[in-house]
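Some notes on the structure that comes next.
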Amino acid sequence: MTALEQEGRAEPGNDPGGGNPRFSVVIPAYNEARFLGDCLDSLMGQDFPGTFEIIVVDNNSTDATAAIARSRGVKVVHESRPGVCSARQCGTLAATGEIVVSTDADTVYDAGWLSRIDQVFRADLARVAVAGPCRFMEAPLWGRAYAWALFRIVDLIARITGKVRYATATNIAFRRSEWPGYDTSATQGGDELDLLRKLRTHGVVAFDHANPVFTSSRRLRKGLAYNIFVTCLFYYVLGYVLNRITGRRVIGMYPAFRASARPARTWRRAQALITASVGLAVFAVVGDYAFRLVYSWL
C-alpha cells in the first residue's frame, strides 16, 4: 500500500501559477537521517530558474528520515513494500513534473545540476532520458578509479554507438510521459538496468559526462573484492537476471548500506589475495585484447 503522508514543495520548486513543475526529483530513503539533510539542502540550492518539486519516499524508516524531509517542506510519501524499486515506483507515481529525476538520499549536487539536465533535454526534443555519472566522496583510490573508468567507458560507447548501455539510478532523468514503470519484483539493478533498457525502446537516451552527482562511498567500505563478488556479481548481476527471468525475488535485497565495523583481519587478508588475483587476470585479458587490437591496425 502506498500512502501520501504530506504534500509540499521545497522553496526553489514553488509554482505560484499552479501549473505542473518542470522536474520532480524522487529520492527513496530508508533510515537516511544521517545524509538526507545535506541531500535536500543541495537540491534546494539549485540555480535552475524554473519550478521543481522534491519527493522523499519513506521506505519504512525507523529514524528521523521522514521528519527531516518534512522540516525542509518537501513532499513525503510512504511505501510499505521494502525495496528501492518499489520506493522509486511510489515516488514516480506521486510525481507531477514533466520530467522525473531519479537520485539517492546519500548524494549531493552542485548548483547547476538540474539546469544542465534541462539544457540537454531542450537541445533535442526527441530525447526521452538523460543520464550522468556519479563520483564517490572520500573514496579509496580504487573506488575513485572504478567510478572514473566505468563512466568514461559508458561515455565512450555512447559517443561511438549512440546508445547508453549503463545508467546509475542516482543520476538519471526521464520524461514522465515515457516512463515504462519499475519492475517491483526486482531488487538491486532493476531501478537502473531495467529502466534504461525500457527507456531505450521509447526514444533517445543521452549521457552527459560533464554533469556528475557526488555520492557517499559507504558502499565501498568492505573493500574491492567484496564489492566485485558480493555487491556487483551476486546481488546486482545474478540477482537482477534471476529475478527478471522468474518474475519474483529469488535473490533478496542487498543489506542496507550503513556504518559497519572494520572487516576482520582474516577477511582483509583474503580480500588482498582476491584483489591481486582479479587484478592480474583483468590485466592479462585487457592487455591481450589491446595487443591484438593494436596489432590488427598495423
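Here are some notes:
- Length gained when the stretch R165-L238 is fully extended (0.36 nm per residue, less Cα-Cα span): 24.5 nm
- Using θ = phi - 60° in the Karplus curve 6.51 cos²θ - 1.76 cosθ + 1.60, the 3J(HN,Hα) couplings for the range 210-217 round to 8, 10, x, 10, 10, 10, 4, 8 Hz; x is entered for Gly and Pro.
- Between amide H atoms placed 1.01 Å from N, distances below 5 Å from C134 occur with V213, all of them 5 or more places distant or on a separate chain.
- By the compact-protein rule of thumb, 2.2 N^0.38 Å, the alpha-carbon radius of gyration of the range 73-196 corresponds to a ratio of 1.10.
- Treating r as the C-beta distance of E178 and A210 and R0 as 35 Å, the FRET efficiency rounds to 0.90.
- Candidate aspartates and glutamates - alpha carbon under 19 Å from K163, same-chain residues fewer than 8 apart omitted: D124, D155, E178, D191, E192, D194, D208
- Evaluated at q = 0.17, 0.24 Å⁻¹: base-10 log I(q)/I(0), Debye formula over Cα of the range 130-184: -0.66, -0.99
- Distance between modelled label sites at L141 and A123, nm, 7 Å Cα→Cβ extension: 3.4
- Antiparallel bridge percentage (DSSP; both residues within the range 2-219; nearest 5): 35
- S61 long-range amide H proximity, modeled H, under 5 Å: N31
- Between V25 and E53, I54, I55, V101, the built amide H atoms are under 5 Å apart, and every one of these is 5 or more places off in sequence or on another chain.
- Rg(Cα)/(2.2 N^0.38 Å) for the range 2-219, N = residue count: 0.95
Throughout, read-outs are computed from the coordinates displayed, never taken from laboratory work. None of the values given here were measured: they were computed from a predicted structure. Every residue, glycine as well, gets a Cβ built from its backbone with ideal geometry; the counts of neighbours run over all protein chains shown.
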